[in-house]
Amino acid sequence: MHVLIYLLMIKQTAFAIVLIITLTVFAITVRKLVKLFKLTKPAFPVRDIGRRIIITLKVAFLQTKILRKPVVGMMHALVWWGFLVILAGSLEMVIDGLAGTERVLKFLGVVYDIIIASGDIFALLIAVLICAFLVRRLFMNIRRFTGVEMKHKFHVDATIALSLILFLMITLLGMNTFYILYAESEGSVIAGTYPVSSYFSGIFEGTSAGSSHLWHEVNWWGHILGIFFFANYLPYSKHFHVFMSVPNVFLSNLAPVGKMTLMENVTKEVRIMMNPEAEYSETGEEGEAVPERFGILDIEDITWKNYLDSLACTQCGRCTSVCPANLTGKLLSPRKIVMNVRERMSVKGNGMIKNGSDWNDGKALLGDYITAEELWACTTCNACVQECPININQPAVILDMRRYIVMEQSAAPGELNQIFSNLENNGAPWQFSQEDRMMWAEDLYINKPAG
Amino acid sequence: MEKVRKKVIVPVMADLAAKGEKPEYLFWVGSAGAFDDRYKKVTRAFIKILEYLEVDYAVLGTEESSSGDVARRAGNEMLFQMQALMNIELMNSYEVKKIITCDPHVYNSFKNEYPDLGADFSVIHHSRFLAQMIEEGKLNPGTEIFKGKGITYHDPCYLGRANSEYEAPRKVIRSVSSGITEMKRNRSFALCCGAGGGQMFKEAEKGDKEVFIERTEDVLETGADIVATACPYCMVMITDGLKYKNRHEDIKNYDIAELVAMSLDL
C-alpha cells in the first residue's frame, strides 16, 4: 500500500513539473505574440458583442461556412465537435494528474456518462477521419493542396499535426480500454460509459491486472504529454488554427464584404485640397507629425486583424480554389497572400523586436514576398472571403498593397493610370467629355398604353 | 391594347431645381450607362420603365461624374475620395434622399462606403426596385415573349456576395419567363465575370485563360438561350465571352431591365 502511495506522489510531482514546463513555454510564446501584435496597426473597434457571439456560434461552432463543401465539411465538423467533447475529458486528466485522483468528475453522474461516452465514440471517429485526411493529403492529388505557396515544409507540418491528433486519439482509446480492464480485474466500479473502448477491452480480455494498469498509465501519459506537446507545437504550425480560429471568427470584420476601409489620413489631405483655407485655420500649426504611409509596404503597415487572419489560417486553400484569377492560371493565390503575411511577420517582426524598430533586412512584404503581378490580378470579387470557413479577409491586404503601389510608388499599370487621368479630367474612366453624358437620352421613345 | 409612341424627355435635376421642384428619386446613370454603347440601351430600357410607372425621378445629366469606385479598387484612394466628396456635395445641394442605379458597383459604394464620408441618402439597385414594383402589382410583365426560351442568370459580385442580393433579380426574371436554368456556380458560389477591381480597363495578368471565358462556359453549359445580368461590367464581359465562343448569334445577353421593357413592349 505504501508503495502505491509513493508511486502516486511521484506521479503527481512529475505531472506538476511537466505542467509547469508546458505552461511556461506557452507563456513565452504568448509573450512573443503579444509583442508582434504590438507592431501592428489598429483595424476596427471591437463593438457589437452580441452580433459577434451569434457569428461565432454560427460560423465557428456550427461550422456553417466549411459546410459549403458538405462532405469534407462534415468530416471537419465532426472532428471539431469531437475535439470540444474530448477537451472536457482532458480537463479532468489535468485535475487527476495534479490531485492524484482518478476520474474525478465522475460525481457528475449522467452528464459524466454522456461526455465520456461521446468522447469515446468521437475518439474512434476522429481517428478514422484523420486517417482519411492523411490519405487525401498524401495519396490523392487534390488541387486545393497544391500551388506555389504549398512548399514541402507545409505538407510536412500538416502531416505532423494530423499524425499527432491520430496519436492522441489512439492513446485516448488505449487509456479507456485498459482502464476498463484493470477496473474489472480489481472488481471496482467503472466510472463512465465506453461504447467503443468496452468493445476493444473484449479483444484484450485476459490481460493481467498489472499489465492493464501499466498500459493504462502508458496511454494516460502518452495522451496528456501529447496534448502538452501539441499545445506548444501549434503556435509554430499552420495548426495554430486550433487556437486562433474561434477568436478570429469572433473578431470578424462586421462591415459588408464589399466595403473598403476609409483612409482617414487621405480624407484630411483631400479636404485641404478641396477647401484649403478652412482646413488651415482648423489645424493651426502645420507639419507637426510625420505623414503616415499610405497602404501596406511591409509588416509594420498591417493591422492586427491582418496578422490574426494569418495566424488563424490553416492553409485549407478554399479561398484559392474559388479565386477567378487563380482558376484561370494567374499568379494570384489568396492563400499565399495570407501565408506571406505570417512568414514576413516572423522574419521582420521578430527582427524588429530583437534589434529595434529600425531594423530592416532590405526586404519587404511587397516585392520580395508578394509581387505586383499577383496583386493586380485580383478582381475584388470576394469569393475568397465568402469561402473562408473562419472569416479571413484576403482582399484587405491585397487592396492596401495596391494603395501603396498607387499612392506611394505611383506604379500602377499604365492602363490604370490612363483611367485615373480620365477620371480626373472628365469624370469617367473613358475619354468622353462630361458634356456628352446625356447623349444616351436622345431620340428616346416609349410605347405607352393609350388613354 | 392600343398604344401610342411618345417621346421621352428625361428630366434633369438642375432644370427641376430651377423650377423649385424636387423629384422623389435620383436615377444615377453611371459612366457605363452614359457612355458604353451596349449599356446605354439598358439605361434607355430602364428609363422607359420609370416613365411607364410614372415615377417621379430625375438624372444629374452633365453634372454626373464617376462614383470613384473603380479608382478606389485600383488603389487610388485619393481620387476616390475626391469623387465621393464632390458627388456628396452635389447631391446635398439638390437634397437628394433616394437614389436608384443599375450599377452594383455604384450601389455598393453609395450604400456602404459613401456614408463614411458624410453621405446621407438611401440607394436602391434597379433589381430590387423592379422586384418591389412587381410585388406591389405595379409591374406585370407577361411571360409570353420569352415562351420556350431558356434563361440563366449571372450574379454580379457586388450585388450578390457584396450585398447579399440574390433573390430580387431572380424574381424579376421569373416574372417574364417560366423559370431560370441556374449555372452550376450560382448565388454566393457564382464566378466573377472578371471585370471587377479595375480589371475591366486593363489587360489581364498572364494566365492560361480569361476569366470571362471561364464564366461564359458556365453559361453555355446551361443550354440557355438568354443570359441575364444586372451589372454593366458583367454585361460587357459576358457579351465578349459569347462573341469569343461564336455564340452571340444564338445566345443573347440582356439586363433584367431590358427583359422587363421587352416583355411590356415599351
- For the protein assembly as shown, just the Cα atoms, rotate onto the principal axes and tell me the three extents in Å, largest first. 106, 69, 46
- Task: Would you mind calculating the relative contact order of chain B from Cα pairs under 8 angstrom and at least 6 residues apart, reporting the percent as a whole number?
- Result: 20 percent
- Message: If neighbour count is taken as other Cβ atoms inside 10 Å, put A:Lys363, B:Lys147 in order from fewest to most.
- Response: B:Lys147, A:Lys363
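What number, in percent, do you get for the relative contact order of segment B:13-130 if the mean sequence gap of Cα pairs under 8 Å and at least 6 apart is divided by its residue count?
RCO, segment B:13-130: 28 percent.
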- Query: If each residue's Cβ is checked for other Cβ atoms within 10 Å, how do A:His223, A:His155 rank with the fewest at the top?
  - Reply: A:His155, A:His223
- Mind giving me the nanometre distance, one decimal, between the label points for B:Ala14 and A:Leu8, set 7 Å out from Cα along Cα→Cβ? 9.4 nm
- Message: I need the phi-derived Karplus couplings for segment B:8-16: 6.51 cos²θ - 1.76 cosθ + 1.60, θ = phi - 60°, integer Hz, Gly and Pro marked x.
- Response: 9, 9, 6, x, 10, 3, 4, 5, 5
- Flagged as over-length at 19 Å C-alpha distance, from A:Lys153/A:Lys336; A:Lys259/B:Lys111; A:Lys238/A:Lys363; B:Lys7/B:Lys252; B:Lys40/B:Lys252; A:Lys38/A:Lys305, the pairs are A:Lys238/A:Lys363; B:Lys7/B:Lys252
- Using alpha-carbon positions, what is the distance between the centroids of segment A:293-327 and segment A:372-389, in Å? 9 Å
- Query: To the nearest 20 debye, what charge dipole does segment B:141-263 have about its Cα centre, counting +1 at the Cβ of each Lys and Arg and -1 at the Cβ of each Asp and Glu?
  - Reply: 200 debye
- Cα pair distances in segment B:185-238, grouped into 5 Å bins until the bin that holds the longest one, percent each: 4, 17, 30, 28, 13, 7, 1
- Stokes-Einstein diffusion coefficient of segment B:28-148, Kirkwood radius over Cα pairs, 25 °C, 0.890 mPa s, in µm²/s: 158 µm²/s
- Message: Taking amide H atoms as placed 1.01 Å from N in the peptide plane, list the residues 5 or more away in sequence, or in a different chain, whose amide H sits under 5 Å from that of B:Asp255.
- Response: B:Thr229
- Message: If you average the C-alpha positions of segment B:133-171 and of segment A:24-60 separately, how far apart do those two centres end up, in angstrom?
- Response: 41 Å
- Message: In whole Å, what are the extents of segment B:149-266 along the principal axes defined by its C-alpha atoms, from largest to smallest?
- Response: 44, 33, 27
- Using modelled amide H (1.01 Å from N, peptide plane; none on Pro or chain starts), what sits under 5 Å from the amide H of B:Ile124, excluding residues fewer than 5 places away? B:Ile99, B:Ile100, B:Thr101
- Across B:109-119, the residue-averaged tally of Cβ atoms belonging to other chains within 10 Å stands at 3
- Ordered by residue, what ³J(HN,Hα) values in Hz, to whole numbers, does segment B:218-235 give under the Karplus form 6.51 cos²θ - 1.76 cosθ + 1.60, where θ = phi - 60° and Gly and Pro are x? 4, 4, 4, 4, 6, x, 6, 8, 10, 10, 9, 9, 9, 7, x, 5, 4, 4
- C-alpha center-to-center spacing [segment B:200-266, segment A:167-185] in angstrom: 62 Å
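In what sequence, highest mean first, do A:399-411, B:242-254, B:183-195 appear when ranked by Cβ atoms within 10 angstrom?
B:183-195, A:399-411, B:242-254
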- Positive-end extreme of charge dipole, chain B - chosen from B:Pro141, B:Pro104, B:Ser164 (charges on Cβ): B:Pro141
- Is it possible to state the helix-based mean residue ellipticity at 222 nm for the protein assembly as shown, with each DSSP H run of 4+ residues giving -39500 (n - 2.57), the sum divided by total residues, to the nearest 500 deg cm²/dmol? What is it? -16500 deg cm²/dmol
- Could you pull out the GluC sites (Glu not before Pro) across segment B:1-73 that fall in loop regions by DSSP (anything but H, G, I, E, B) with no more than 10 other Cβ atoms inside 10 Å? B:Glu2, B:Glu54
- How big is the C-alpha Rg of chain B next to the rule-of-thumb value 2.2 N^0.38 Å, as a ratio? 1.00
- If you look at just the Cα atoms of segment A:148-212, how large are its Rg and its Dmax in Å? 17.5, 59
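Rule-based calculations on the coordinates, nothing more; no lab input. Values in this document were obtained by computation on a predicted structure and should not be read as measured data. Every residue, glycine as well, gets a Cβ built from its backbone with ideal geometry; the counts of neighbours run over all protein chains shown.
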